[in-house]
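The values are calculated or read from the model by the stated rules, or taken from the named source; none is laboratory data. Bear in mind that the values here come from a model prediction, so they are computed numbers and not experimental data. Methodologically, a virtual Cβ is constructed for each residue, glycine included, from the backbone with ideal geometry; neighbour enumeration extends over all protein chains shown. SASA here: full protein model, heavy atoms, side chains in, ligands and nucleic acids out. Shrake-Rupley method; radii C 1.70, N 1.55, O 1.52, S 1.80 Å.
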Amino acid sequence: MGTNTPYIGRVAEDRAAWVSKARCRRSTDPDELFVRGKAQREATAICRHCPVVVECLAEALDNRVEFGVWGGMTERQRRALLKQRPEVVSWSGFLVAQRKHRNTG
């Protein structure tokens, strides 16, 4: 096995942990998050009170997910954010730091 195996395993475990807490996973048909046009506004509302919205958004941004609502943002919103902040290498680290800064500042 490669030298990254423990890291990959830990990343998969971390992802499984937050995904299991996602509000959409418990109460939503996944197809409701992959809609177009006006229906996207309703889809983003599903994320509003989700306890793992930051982790979800970071996953979509870090992996350049092109379709669906992730972390309360539409494809268009995520593309705009990626274009606005091209210097961000790890959205996970960036968003967690932003959340900590908001909570302490």
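From helices alone, the chain scores -18000 deg cm²/dmol at 222 nm; the rule is -39500 (n - 2.57) for each run of n ≥ 4 DSSP H residues, then divide by the residue total. Bridging of residue 38 to lysines at a Cα separation below 22 Å is possible for none of them, once same-chain residues fewer than 8 apart are set aside.
Roughly how far apart, in whole Å, are the Cα centres of the stretch 47-62 and the stretch 71-98? If we compute the Cα centre of each part, the gap is 11 Å. Computed about the Cα centre, the dipole magnitude for the chain is approximately 400 debye when only Lys and Arg (+1) and Asp and Glu (-1) carry charge, each at its Cβ. Residue by residue, the stretch 69-76 carries 3J(HN,Hα) couplings of 8, 9, x, x, 10, 7, 4, 4 Hz when phi is fed to the Karplus relation 6.51 cos²θ - 1.76 cosθ + 1.60 (θ = phi - 60°); x denotes Gly or Pro.
Given Cα pairs under 8 Å that are at least 6 residues apart, what percent is the relative contact order of the chain?
Numbers: 89 pairs, mean separation 23.2, N = 105.
Averaging sequence separation for qualifying contacts and normalising by length gives 22 percent for the chain.
Just to confirm, what accessible area per residue do you get for the chain at 1.4 Å probe, in whole Å²? If you can, show how the numbers build up before the last one.
Details: 7670 Å² over 105 residues.
Accessible surface, normalised per residue, equals 73 Å².
Comparing 69, 54, 35 in a Gaussian network model of the chain where C-alpha atoms under 10 Å apart are linked, the largest mean-square fluctuation is found at 35. To put it simply, the accessible area of the chain at a 1.4 Å probe is 53 percent carbon and sulfur.
Pairing the Cα long axis of helix 91-104 with the longest principal axis of the chain, what angle in degrees results, from 0 to 90 and rounded to the nearest 10? Long axis of 91-104 versus the principal axis of the chain: about 80 degrees.
Which aspartates and glutamates, on any chain, are close to residue 100 with Cα under 17 Å apart, when same-chain ones fewer than 8 places away are left out? Correct list for residue 100: 55. Amide H contacts of residue 73 (H built 1.01 Å from N, in plane; Pro and chain starts excluded): no residue 5 or more places away or on another chain comes under 5 Å.
Pair-distance distribution P(r) for the chain, from all Cα-Cα distances in 5 Å bins starting at 0: 2, 12, 19, 23, 19, 14, 7, 3, 1, 0 percent.
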